[in-house]
Number of protein chains: 2
Amino acid sequence: MKYVLGAKCVKCGREYAAVPDLTTCACGGILDIQYDYAAIRRDCSPRDLEGNPDRSMWRYRPFLPVEETTAPPPLRVGWSPLYKADRLAEELGLKTLYIKDDGLNPTASLKDRASAMAVAKAKEAGADTIACSSTGNAASSLAGNAAAAGFATYIFVPSRAPKGKVAQLRIFGATVISVDGSYEDTFELSKAAIDKWGWYNCNAAINPYLSEGKKTVTLEIMEQLGWQVPDYIALSVGDGCTIAGAWKGLKDLYAAGFIEKLPRLIAVQAEGCCPLNRAIQTGQPWQPMEENTLADSIAVGVPRNPDKALNAIRESEGVAVNVSDEEILAAMRLLGRTQGVFGEPAGVTGTAGVKKALELGLIPPDSTVASIVTGNGLKDVANGIKAAGEPMLVRPDMEALLAAFAAHHITPVERNH
Amino acid sequence: MKYVLGAKCVKCGREYAAVPDLTTCACGGILDIQYDYAAIRRDCSPRDLEGNPDRSMWRYRPFLPVEETTAPPPLRVGWSPLYKADRLAEELGLKTLYIKDDGLNPTASLKDRASAMAVAKAKEAGADTIACSSTGNAASSLAGNAAAAGFATYIFVPSRAPKGKVAQLRIFGATVISVDGSYEDTFELSKAAIDKWGWYNCNAAINPYLSEGKKTVTLEIMEQLGWQVPDYIALSVGDGCTIAGAWKGLKDLYAAGFIEKLPRLIAVQAEGCCPLNRAIQTGQPWQPMEENTLADSIAVGVPRNPDKALNAIRESEGVAVNVSDEEILAAMRLLGRTQGVFGEPAGVTGTAGVKKALELGLIPPDSTVASIVTGNGLKDVANGIKAAGEPMLVRPDMEALLAAFAAHHITPVERNH
């Protein structure tokens with residue numbers, strides 16, 4: 001880890017050596033991994049990166065806190081596609097829009113970036129068992145990445161987690177504890193169990209390496225844009241760890257001289273659960289909220305990483321925007337119909353926020369925006385059907401088909417041959 | 001299309017010009033695209049390919065029947081990971097096993113390779129509407145790839161198609177006709193409608209370009225293996241189009257001098273629906289069967305591409321092996337637990353067949369096998385849960401957790417700090 005200086009508490013500033021099983025500061029504050037940016041700048045350039053044939057998050061090794069001897073974990077994580085979404089931009093009345101489909105990671109969410117990092121660090125720590133709590137995606141992601149690397153896993157999820165995520169967990173061989181309570185309850189139970197049995201701790205906002213994995217999403221966006229910084233990067237916010245990681249990646253690139261300015265973040269939460277955005281919007285300290293949204297991955301009433309998340313939004317002069325569940329379902333249809341991208345509710349919340357921010361005049365129409373889709377819609381098929389409706393059912397004959405088309409006001413055009 | 005000579009009927013040998021809206025031969029036979037392999041050999045080498053930075057199926061342009069001026073369709077299809085599956089190989093008692101996870105394509109199945117090709121050809125044909133029938137994956141794949149490229153789609157699926165696939169279709173904005181009947185009924189209704197309205201025809205085994213897209217899966221496997229040919233390539237078989245495409249890719253590489261020999265195919269069908277394997281096993285012409293398996297994507301009682309499929313299995317001196325639904329569910333667990341790969345039932349059927357072929361002594365344990373996982377398990381969560389079971393539900397306190405662990409005979413080891 002020749003570029004890693006150590007870890008520093010974001011609350012009290014106390015510094016720690018970057019041992020592989022780091023958790024939080026003695027004061028309870030979250031740690032942040034520190035790099036020697038002058039050395040990175042001296043040794044690496046964007047050109048060096050571009051020549052790297054590795055199309056995974058591990059192409060960014062100079063920016064990652066792993067030992068030089070640590071092999072990349074088995075599953076291929078990262079280098080998800082960044083689509084120029086002209087058809088969607090036009091519908092939204094936005095100059096330029098890019099969609100980063102992070103639902104195409106191995107377990108179908110951005111969380112694979114954190115899990116791959118966790119697996120690498122758990123191996124360095126000599127652990128054989130990994131545990132975490134999660135609203136769902138971090139859980140199934142950790143289970144998959146850990147299974148591929150031969151770890152046992154104990155996973156705590158709230159019982160409301162969608163069936164797709166639970167099915168993944170079970171298939172990956174995890175011991176799954178479905179907690180009959182809120183995400184907060186789930187987190188606390190996992191904490192007690194981890195303390196009791198000494199498992200490698202992969203709770204977000206406890207393990208400081210996870211956001212170092214997540215930050216690769218913005219490293220990729222910037223490389224895929226040829227290091228041309230967009231005006232805004234939009235993403236959904238729950239726990240706060242993902243936006244904190246995204247911002248860390250951007251600041252790393254800026255500090256190492258890879259990009260010349262920083263974009264502004266568009267932080268999007270669900271109206272029914274927006275404790276962090278409410279803090280930004282009111283200028284008051286954050287307060288817990290109910291978890292009242294169908295976007296399960298960001299239904300986090302007590303965010304575990306408020307300090308880093310609020311700091312990221314403020315430091316970037318970010319835009320905080322809340323969207324309704326109806327706006328989230330509409331964004332699912334919009335991304336599917338115009339771009340062929342199927343995101344889960346929390347996955348498309350960032351894009352729903354771009355639409356809303358334009359409507360509210362919070363961002364100008366001549367902006368360039370990159371919006372991250374954080375999870376695949378196949379994880380939550382029930383809400384997919386809710387968004388898009390059931391198909392028409394017909395008997396297998398032409399008469400029935402014509403009747404069904406008539407009933408649905410569908411009049412296909414005959415093509416001249 | 002400087003390397004494309006034309007199309008030739010596999011039944012009567014009649015030749016056609018490779019126009020973009022080609023369908024079947026006047027005799028009813030399926031067409032096969034013909035290439036000038038000597039010219040490919042003259043102009044291209046494996047080394048040229050390896051230097052191509054395009055990590056998608058379009059890196060194989062010399063082997064693809066598209067105009068030089070045709071842009072790749074929007075979604076990034078192909079270059080899915082090939083994992084060396086040492087942990088699974090060890091459990092199976094097999095020397096070397098590779099798993100190709102084609103569930104990581106944009107709409108989560110191998111069918112994206114065919115759909116991307118279809119979209120490219122539909123554009124060349126000047127079409128604005130595309131239609132197909134499918135057991136599910138080809139449908140949702142076509143809908144997604146076509147939506148991203150701005151086409152309207154009419155999609156016919158049997159009503160038994162899993163919810164995940166239907167949700168995708170609807171989100172992608174397709175007009176979905178859910179047919180209350182078998183796959184055969186669905187196919188016939190789509191055929192009648194395509195004839196009536198003149199839509200661009202993307203039915204597999206009708207449109208000869210689709211298997212040219214599918215063949216990229218074996219082009220990739222061979223490149224990812226450094227052009228070292230494995231003893232066997234295993235995959236599930238339904239309609240017959242995928243195995244036909246896979247074989248075409250291998251023969252193309254062989255004819256162009258990129259590989260020095262051909263592997264043998266392991267063709268795997270479900271016991272409850274194995275008309276093609278039964279023909280191989282009995283030496284009799286194929287006969288329709290009931291569609292009696294939970295692996296919906298390969299529940300094809302009347303395969304549309306028997307000629308090419310049977311030819312592929314026979315020409316490769318292939319192994320035909322049938323697996324039960326229980327063996328398919330077991331393979332889902334096995335791939336998840338050992339490799340972190342979650343496949344749908346038909347997706348893991350190839351791997352179930354590798355296990356069965358070993359058990360039956362049909363392939364030697366010192367073989368090298370590449371097994372293709374053709375679709376993501378998130379498409380069929382109901383069967384995922386069926387395979388792996390529900391998680392334990394606990395109240396959010398340690399006492400309840402200890403009781404649940406005891407009830408499930410789980411005794412975590414305390415780690416010494």
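At B:Leu225, label 7 Å along Cα→Cβ: distances to the other copies, nm, ascending? Result, one decimal in nm: 4.1.
Can you bin region A:98-198 into rounded, prolate or oblate? Criterion: square roots of the alpha carbon gyration tensor eigenvalues sorted a ≥ b ≥ c, rounded for a/c under 1.5, prolate for a/b above b/c, oblate for the rest. Let's see the in-between values first.
Values: a/c = 1.71, a/b = 1.09, b/c = 1.56.
Here region A:98-198 falls in the oblate category.
Between region B:286-300 and region B:153-169, what is the C-alpha centre distance in whole Å? Computed from Cα coordinates, the inter-centre distance equals 17 Å. Taking B:Ala17, B:Ala407, B:Ala244 as the candidate residues, the one with maximal mean-square fluctuation in a Gaussian network model of chain B, Cα springs under 10 Å, is B:Ala407. A Förster radius of 25 Å, combined with the Cβ-Cβ distance separating B:Glu317 from B:Glu271, puts the computed FRET efficiency at roughly 0.65.
In plain terms, the C-alpha convex hull of region B:244-396 casts an average shadow of 11.0 nm² when viewed from every direction.
What's the extension gain from A:Lys386 to A:Cys12 if we count 0.36 nm per residue and subtract their Cα-Cα distance?
Here the answer is 130.0 nm.
By DSSP, the beta bridges lying fully in the protein assembly as shown are antiparallel in about 30 percent of cases.
Kirkwood hydrodynamic radius computed over region B:200-254 comes to 11.7 Å, based on all pairs of distinct alpha carbons. Each Lys or Arg adds one and each Asp or Glu takes one away; over the other residues whose Cβ falls under 13 Å from the Cβ of A:Phe187, this sums to -4.
Put a plus charge on the Cβ of each Lys and Arg, a minus charge on the Cβ of each Asp and Glu, and nothing anywhere else: the dipole of region A:19-67 about its Cα centre is then about 200 debye. In the protein assembly as shown, taking the dipole from charged Cβ atoms about the Cα centre, the farthest positive-side position among B:Ile194, B:Gly213, B:Val302 is held by B:Gly213. With respect to chain A, whose longest principal axis is taken over its alpha-carbon atoms, helix A:325-339 is tilted by about 80°. For region A:1-46, the equivalent ellipsoid derived from the alpha-carbon gyration tensor has semi-axes of 24, 11, 7 Å in decreasing order.
Distance between the C-alpha centres of region B:22-43 and region A:214-250: 46 Å, rounded to the whole angstrom. Each of B:Lys11, B:Lys163, B:Lys355 has some number of other Cβ atoms within 10 Å of its Cβ, and from fewest to most they run B:Lys11, B:Lys163, B:Lys355. Take each residue in A:124-130, count the other chain C-beta atoms within 10 Å of its C-beta, and the mean is 1. Sorted from nearest, the other copies put their A:His408 label points 4.1 nm away, the label point being 7 Å from Cα in the direction of Cβ. GNM remark for chain B: springs join alpha carbons under 10 Å apart, and the peak mean-square fluctuation among B:Pro162, B:Pro288, B:Pro106 falls on B:Pro288.
Taking the Cα centre of chain A as reference, the dipole from Cβ charges on Lys and Arg (+1) and Asp and Glu (-1) amounts to some 560 debye. Bridgeable lysines around B:Lys215 (alpha carbons under 22 Å apart, same-chain partners fewer than 8 residues away excluded): B:Lys2, B:Lys8, B:Lys11, B:Lys84, B:Lys100, B:Lys111, B:Lys121, B:Lys123, B:Lys248, B:Lys251, B:Lys261, B:Lys308. Dividing the mean sequence gap of close Cα pairs (under 8 Å, 6+ apart) by how many residues region B:1-119 holds gives a relative contact order of 19 percent. Against chain B, whose longest principal axis comes from its Cα atoms, helix B:345-359 is set at around 70 degrees. The other copies place their B:Glu359 label points at 5.5 nm from this one, listed shortest first, where each point is 7 Å from Cα along Cα→Cβ. Ordering B:Met398, A:Met289, B:Met117 by the number of other Cβ atoms within 10 Å of each residue's own Cβ, fewest first, gives B:Met398, A:Met289, B:Met117.
Indicate the gyration tensor shape class of region B:23-166 (rounded, prolate or oblate), computed on the Cα atoms with a ≥ b ≥ c the square roots of the eigenvalues: a/c under 1.5 is rounded; otherwise a/b larger than b/c is prolate and the rest oblate. It is oblate, given that a/c is not under 1.5 and a/b is not larger than b/c. Mean-square fluctuations from a GNM of chain B, with a 10 angstrom spring cutoff on Cα atoms, peak among B:Ala403, B:Ala148, B:Ala139 at B:Ala403.
With the charge dipole of chain A set up from +1 on Lys and Arg Cβ and -1 on Asp and Glu Cβ about the Cα centre, the Cα lying farthest toward the positive end among the listed residues A:Met398, A:Gly13, A:Tyr154 is that of A:Gly13. Calculation over all alpha carbon pairs of region A:191-309 in 5 angstrom steps from 0 returns a P(r) of 2, 11, 18, 19, 17, 15, 10, 5, 2, 0 percent. Mean per-residue shielding of peptide B:69-82 is 3, counting Cβ atoms of other chains within 10 Å of each Cβ.
Note down the relative contact order for region B:201-343 as a percent, whole number, built from C-alpha pairs under 8 angstrom at least six residues apart.
25 percent
Taking each DSSP H run with n ≥ 4 as -39500 (n - 2.57) and averaging over every residue of chain B yields -11500 deg cm²/dmol at 222 nm.
The long axis of helix B:183-197 is offset from the longest Cα principal axis of chain B by roughly 40 degrees.
Computed with the Debye formula from one identical point scatterer per Cα of region A:52-132, without solvent, the log10 of I(q)/I(0) at q = 0.18 Å⁻¹ comes to -0.81. Modelled this way, with points 7 Å down the Cα-to-C-beta line, the labels at B:Trp227 and A:Arg47 are 3.1 nm from one another. Normalised by 2.2 N^0.38 Å, where N is the number of residues, the alpha-carbon radius of gyration of chain A equals 0.99. Shielding of peptide B:98-104 by partners, expressed as the average count of other chain Cβ atoms within 10 Å per residue Cβ, is 2.
Neighbour counts of C-beta atoms inside 10 Å place B:Ile280, A:Ile194, B:Ile171 in the sequence B:Ile280, A:Ile194, B:Ile171, starting with the fewest.
Evaluated with a Cβ-only charge set (Lys, Arg +1; Asp, Glu -1), region A:191-341 carries a dipole of roughly 260 debye about its Cα centre, given to the nearest 20.
Sorted from largest to smallest, which semi-axis lengths in Å does the alpha carbon gyration tensor of the protein assembly as shown give for its equivalent ellipsoid, taking the root of 5 times each eigenvalue?
Semi-axis lengths for the protein assembly as shown are 42, 29, 27 Å.
Loop-resident GluC sites (Glu not before Pro) (DSSP state other than H, G, I, E or B) in region A:292-344 with no more than 14 further Cβ atoms inside 10 Å of their Cβ: A:Glu317.
List the relative contact order of chain A as a percent without decimals, with contacts defined as Cα pairs under 8 Å and 6+ residues apart.
Contact order relative to length: 17 percent.
Each Lys or Arg adds one and each Asp or Glu subtracts one; over the other residues with Cβ under 15 Å from the Cβ of B:Leu294, this totals -3. Summarising the rotation from chain B to chain A, the nearest chain B beta-carbon to the axis and its distance in Å are given as B:Leu378, 2.
Every number here is computed from the coordinates shown, using simple stated rules; none is lab data. Everything quoted here is computed from the prediction, not taken from an experiment. As a convention, Cβ positions derive from the backbone with ideal geometry for all residues, glycine included, and neighbour counts pool all protein chains shown.
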